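Student: After the structure tokens below, expect a handful of questions from me.
The values are calculated or read from the model by the stated rules, or taken from the named source; none is laboratory data. All figures in this text were calculated on a predicted structure; none of them were measured in a lab. As a convention, Cβ positions derive from the backbone with ideal geometry for all residues, glycine included, and neighbour counts pool all protein chains shown. Areas reflect the complete protein model, heavy atoms only, side chains present, ligands, DNA and RNA absent. Shrake-Rupley method; radii C 1.70, N 1.55, O 1.52, S 1.80 Å.
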Amino acid sequence: MEKTEQFEFQSEVKQLLDILVYSLYKHKEIFLRELISNAVDALNKVQFEVLTNPNIEDKDLDLKINISFVKSQNKVVIEDTGIGMTKEELIENIGTIAHSGTIDFLKKLSETKKKDQVDLIGKFGVGFYSSFMVAKEIHIYTKSFKKKSKGYLWKSKGDSNYSIEDMVKKHRGTRIELFLKKEEKEFLEKLTIKDIIAKHSKFVPFPVYIDEEKIESVAAIWTQPKSSLKQKDYDDFYKFFENSQEEPETHLHLSSDAPVQFNAILFVPKTSFEMAGIFKAEPGVDLYSRKVLIKKGSSDIMPDYLRFIKGVIDSEDIPLNISRESIQKNIIIDKIKKHILKKIFDHFVKMKQKDMDRYLGVWKNYNRNFKEGIATDFNNRDKIAQLLLFHSSKKGKEEFTDLKAYIERMNKDQNEIYYVTGLDIESLDKNPALEAFRKKDIEVLYLGDPLDEIVIDHLRAFDGKAFKLVESADIKLDEEKETTKDKEYLKDVGNYIGYLKVIFGDKIADVKISQRLVDSPCILVHPSDGPSVQMEKVMKMVNKEYSFSKRVFEINPKNELIKEMVRIHKKKPDSPELKTLSIQLLDNMMLREGVIDHIDTAVPRIQDIMFRAAKSI
Ligand code: ADP
């Protein structure tokens, strides 16, 4: 008895189909890459089952992909002997988009202008649905590998509906029939299909036949000796592996026989998906045992913060029948992990030494991953710290320094690594707290990324040298005597400081003469080691109730403005103008740091000061 059921696609699928059917995307051939890649996944999965589970349909069936044509019906057929689908899986996998990444991508796609959609489609691939760019109708015949499964026929014209009916299918696997649109007949040509496969799918690890003819492919390139492979082989493999049009930034081919056997090819992509603000990248390294895929996108070897690394790790020492859950606790995996991580960090360190330009590309894309690593991977913290780059008071905003080079440039009597935090390099560069450091020729690192301070907090020290926030540093200019020669003036300064303490009240912890300023009139600093203002801003964002820690207001008696204030205070201590100007001195510092919470009184005050200045001209 035949029974046909009608279904409606999930709304996201409808939306995707709508975009695809009307898309201007030129490289429609990618549909084949997507279908072959699905077939490979299905074959990989069944291969694993065959080796570990005796109880499956068609246990001895050859694992392969067949492509054929029925020209009279404008039909291309792609068939695999993979894992197949049950009815529930058909509904779940083909009728809905489970992947949150794809849904996010879709959202982005639908917000993008039609002509820019084209780029996105090519970049991310849109799976099975891309076939509707070339087909006006698609039939899927499928039968699951699970014992006693029935066959099903799925049909859709790419509009909002599909149907499923029972169907006798002899063998396990999936057969996809594309009824091509009139204008897409080129895909009925064997040569065209062969070319597309050579271009996108030459590393398919299972035999591919087109009209019975076996197509040449390169299997498991990671097991081949490095000497037999050229740069282009790696690039091509990467493009196949990642469905990418772009070469990788760099690759790493590793082989080891002891203490554990493994082969690995790892890639660093040239562009980061995370930078595009669309995805959190998924783990990208597949785990194989003797060329059989055990786990795709395994997070067991590659820690989460290295999720941008793509590739393959294959070890004979990993038992095939290892349960996916116990991979994590496996001692062999642990050894491979240690070995591989060391190689990866060494690779980046070497790259940084030998080819800074290229390393800067990596840094630009993945510096946040490295920083995440320092915060989360205690064992490799010091190794990752070698990869960090900073702008600094000596390198400016164009160049970077790493920590090793900073330490090499340190003054003889310097024991700490100084840093200053802020939102952009320009304002960091003008921070008055740096004046004393400049004068003494001490280099200061610029921490312009909010993550930097968290990183420093975790590291605490590098190569035995502790990190120190400049504002908390005990740095004194040697020439203080010069300004303090005038005992009378110093007494007046002391009186003015007493006055400031009164008018500032409990807004600040203390008022002092500064030993760190050269030119600027004043500065706000920490009374002792504490989080920087930047860090406090983050805390405030997380918790509205958070109140900024009280800081010390330091004044520079050598500064002309301060001299004037001291003079007025001596002459007319109860002058209302003196009070206005003094309060504004503090507000200026708070404005500079972006922590002012009473802008509505500060602005009229500034305007009042301007008015008086204007009138006096
Ligand atoms: P993706 O491959 O990115 O998951 P697709 O839309 O291409 O997205 O496929 C959706 C799902 O349908 C796959 O994840 C898989 O579960 C199932 N599928 C597709 N093609 C096949 C096939 N040839 N054999 C078995 N399952 C398949």
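Student: Can you give me the number of residues within region 125-138 that are within 13 Å of the ligand (Cβ to nearest atom) and in a strand (DSSP E or B)?
Tutor: The qualifying residues number 1.
Student: Looking at M275 and the list (1) at pLDDT below 85; (2) open to solvent by less than 30 Å² (accessible area, probe 1.4 Å); (3) among the aliphatic types (A, V, I, L, M), which single condition is not satisfied?
Tutor: Here M275 clears every test but (2).
Student: At least 1 residues that are without any contact (Cβ under 8 Å) to a residue 24 or more places away in the chain and more than 16 Å from the ligand (Cβ to nearest atom) in each: list the strands (runs of 3 or more DSSP E) lying fully within region 142-222 that qualify.
Tutor: 213-215
Student: Continuing with this model, one more query. Scan region 49-64 and give yes if some residue there is open to solvent by less than 40 Å² (accessible area, probe 1.4 Å), farther than 23 Å from V292 by Cβ and not assigned by TED's automatic domain parsing to the domain that holds S289, otherwise no.
Tutor: No, region 49-64 contains no residue that is open to solvent by less than 40 Å² (accessible area, probe 1.4 Å), farther than 23 Å from V292 by Cβ and not assigned by TED's automatic domain parsing to the domain that holds S289.
Student: Please tell me if F105 is outside any loop (DSSP other than H, G, I, E, B), aromatic (F, W, Y) and modelled with pLDDT of 90 or more.
Tutor: Criteria not met by F105.
Student: Would you point out which residue out of V268, V285, V292 is modelled with pLDDT under 90 and among the β-branched types (V, I, T)?
Tutor: It is V292.
Student: Still on this structure, I have one more. Could you pull out the residue among I193, I215, I210 that is of a type in the set (A, V, I, L, M, F, W, C), under 36 Å from the mean Cα position of the chain (by Cα) and surrounded by 13 or more Cβ atoms within 10 Å (Cβ to Cβ)?
Tutor: After applying the criteria, what remains is I193.
Student: Still on this structure, please answer the following. Looking at the structure I just gave you, is S227 part of a loop (DSSP other than H, G, I, E, B), polar (S, T, N, Q) and away from the ligand (no atom under 16 Å from the Cβ)?
Tutor: no
Student: Let me ask something else. Are any residues in region 75-100 buried (at least 19 other Cβ atoms within 10 Å of the Cβ) and away from the ligand (no atom under 13 Å from the Cβ), and if so, which ones?
Tutor: Hit for region 75-100 is V76, nothing else.
Results for (1) at negative phi; (2) among the aromatic types (F, W, Y); (3) touching a Leu at 6+ places or on another chain (Cβ under 8 Å), shown as yes or no for each residue.
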residue: S149; (1), (2), (3): yes, no, no
residue: K157; (1), (2), (3): yes, no, no
residue: S163; (1), (2), (3): yes, no, no
residue: V168; (1), (2), (3): yes, no, no
residue: G173; (1), (2), (3): no, no, yes
residue: K185; (1), (2), (3): yes, no, no
residue: I193; (1), (2), (3): yes, no, yes
residue: V204; (1), (2), (3): yes, no, no
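Student: List the number of the failed condition for V260; all other conditions in (1) within 13 Å of I67 (Cβ to Cβ); (2) part of a loop (DSSP other than H, G, I, E, B) hold.
Tutor: Among (1) within 13 Å of I67 (Cβ to Cβ); (2) part of a loop (DSSP other than H, G, I, E, B), V260 violates only (1).
Student: Another question, then. Take K352 and decide whether it is in a helix (DSSP H, G or I), surrounded by 15 or more Cβ atoms within 10 Å (Cβ to Cβ) and of a type outside the set (A, V, I, L, M, F, W, C).
Tutor: Here the answer is yes, as K352 does meet what is asked.
Student: So in region 3-48, with the set limited to residues that are of a type in the set (D, E, K, R) and within 25 Å of I83 (Cβ to Cβ), which one is surrounded by the fewest Cβ atoms within 10 Å (Cβ to Cβ)?
Tutor: Out of the qualifying residues, it is K3.
Student: Restricting to region 248-272, count the residues that are open to solvent by 30 Å² or more (accessible area, probe 1.4 Å) and of a type in the set (A, V, I, L, M, F, W, C).
Tutor: 1
Student: Looking at D60, D41, D104, which one is over 30 Å from E5 (Cβ atoms) and within 16 Å of the ligand (Cβ to nearest atom)?
Tutor: D104
Student: Give D413, D474 a once-over and let me know the one that is part of a loop (DSSP other than H, G, I, E, B), open to solvent by 30 Å² or more (accessible area, probe 1.4 Å), among the charged types (D, E, K, R) and farther than 25 Å from N588 by Cα.
Tutor: Matching residue, one of D413, D474: D413.
Student: Ok, one more. Any residue at all in region 369-387 that's aromatic (F, W, Y) and open to solvent by less than 40 Å² (accessible area, probe 1.4 Å)?
Tutor: yes
Student: Would you please name the residue that is most open to solvent (accessible area, probe 1.4 Å), looking only at residues in region 152-178 that are farther than 18 Å from S68 by Cβ, charged (D, E, K, R) and touching a strand residue (DSSP E or B) at 6+ places or on another chain (Cβ under 8 Å)?
Tutor: It comes out as K157.
Student: Same structure, new question: Return yes or no: is S582 in contact (Cβ under 8 Å) with a residue 40 or more places away in the chain and either charged (D, E, K, R) or within 19 Å of D506 (Cβ to Cβ) (or both)?
Tutor: Answer is yes for this residue.
Student: Which numbered condition trips up Q245, out of (1) under 19 Å from F31 (Cα atoms); (2) within 16 Å of the ligand (Cβ to nearest atom); (3) open to solvent by 40 Å² or more (accessible area, probe 1.4 Å); (4) in a loop (DSSP other than H, G, I, E, B)?
Tutor: It is condition (2) that Q245 fails.
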